[in-house]
Amino acid sequence: QIRDLREFSTLLNATGRLRKSSLGIGTCLNDPKTKSIAIDTLNEYKKEMLDSLNWFYNNRKTNLIVEGKNYVLVNGGDNLKETVAGTLAMMLCKSNLYKQGTYIMVLAHNQYNEIKISVRMVSPDPNVDLRKALRKIFDQIGSGEMGGHAYACGGVIKNEKEAKLIASAKEVFDQYSLESQID
C-alpha cells in the first residue's frame with residue numbers, strides 16, 4: 001500500500017535506481033500485480049539505502065572515506081551500487097555530520113569499468129555551482145564526462161583514473177575552501 005505522493009515518488013525512484021523501471025510504469029498504469037512487485041522493489045531499495053549508510057559508518061575511519069576541512073570523499077568502489085551514490089551523498093548532506101558548505105563526493109564503480117561520481121554540498125550557498133568544482137577536477141585529470149545542475153552534479157571517469165581523481169578532488173576542494181575564507 002502506498003500512503004502518499006511522497007512515497008509514490010520514492011517508489012518510482014526506487015524502480016528506476018534498481019533498473020526495474022517497467023515496474024514504475026506498470027504502477028502508474030495501476031496494474032495491481034505490477035504495483036505489488038514495485039512495492040517489494042521499494043523495500044529492496046530501502047534496504048540498499050540502509051546497507052549503504054551502514055557501509056559508510058562502518059568505514060568512516062578507514063582510508064575509503066577521506067574527511068578534509070570542507071569536503072568528504074567516499075570511495076565506495078565495488079561496495080556501493082553506482083545507482084545509489086547520489087542518494088547516499090544527499091543522505092550524508094542531511095545527516096548533520098558535516099557543517100554547511102561541506103562538499104560531499106561519493107564514488108562507486110559501475111559495470112563499464114568506470115567510476116560513477118556524485119557531488120553534493122551540505123546546505124549550499126545560493127551562489128554555489130558544484131559543476132564548476134567537478135569541471136575543474138576533470139580538467140586537471142584530462143578526462144571525464146559530467147552532467148547535473150548547480151546543486152547536484154556527477155559524472156563518470158575510467159577506473160584507472162581513480163587515484164588522480166581523488167588527488168585532484170582533494171586539491172580543488174582545499175582550494176575552494178581557501179577562496180571562501182578570503183571572500
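The values are calculated or read from the model by the stated rules, or taken from the named source; none is laboratory data. Keep in mind that what you see is a predicted model, and the values were worked out from it rather than measured. Here Cβ is always computed from backbone atoms with ideal geometry, including for glycine, and neighbour counts include all displayed protein chains. What goes into the accessible areas is simple: the full protein's heavy atoms, side chains included, and nothing from ligands, DNA or RNA. Shrake-Rupley method; radii C 1.70, N 1.55, O 1.52, S 1.80 Å.
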Task: Under 15 Å, Cβ to Cβ, from N54 - net charge with Lys/Arg +1 and Asp/Glu -1 - done: +3
Task: Separation in nanometres of the label points that stand 7 Å from Cα toward Cβ, at Q175 and S143 - done: 2.1
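Taking only DSSP H segments of four or more residues, each worth -39500 (n - 2.57), what value at 222 nm results for the chain once the sum is divided by all its residues, to the nearest 500 deg cm²/dmol?
-16500 deg cm²/dmol
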- [ ] Quote the FRET efficiency, to the nearest 0.05, computed for R135 versus N30 with a Förster distance R0 of 35 Å and r equal to the Cβ-Cβ distance.
- [x] 0.25
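Calculate, for the chain, the solvent-accessible area per residue in square angstrom, rolling a 1.4 angstrom probe over the heavy atoms of the protein chains.
About 54 Å² of surface per residue is accessible.
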Open item on the list: Just to confirm a number: summing +1 for Lys and Arg and -1 for Asp and Glu over residues other than T10 whose beta-carbon lies under 13 angstrom from that of T10, what do you get?
Closed with: 0
TODO: Sum up the charges of everything whose Cβ sits under 15 Å from the Cβ of A89, counting Lys and Arg as +1 and Asp and Glu as -1, but leave A89 out.
DONE: +4
Open item on the list: Once you place label points 7 Å from the Cα toward the Cβ at K158 and R3, how far apart are they in nm?
Closed with: 4.9
TODO: Check the stretch 1-117 and count each lysine pair with an alpha-carbon distance under 22 angstrom, considering only pairs eight or more places apart or from different chains.
DONE: 25
Task: Per-residue ³J(HN,Hα) for the stretch 138-145, Karplus 6.51 cos²θ - 1.76 cosθ + 1.60, θ = phi - 60°, Hz, x for Gly and Pro - done: 5, 4, 5, 7, x, 6, x, 10
Open item on the list: Starting from 0.36 nm per residue, how many nanometres of slack lie between S21 and Q100 once their C-alpha separation is accounted for?
Closed with: 25.0 nm
Open item on the list: I need the calculated FRET efficiency for the pair D78 and N43, taking r as the beta carbon distance and R₀ as 30 Å, to the nearest 0.05.
Closed with: 0.80
Task: Carbon/sulfur fraction of accessible area - the stretch 28-130, other protein chains in place, 1.4 Å, % - done: 49
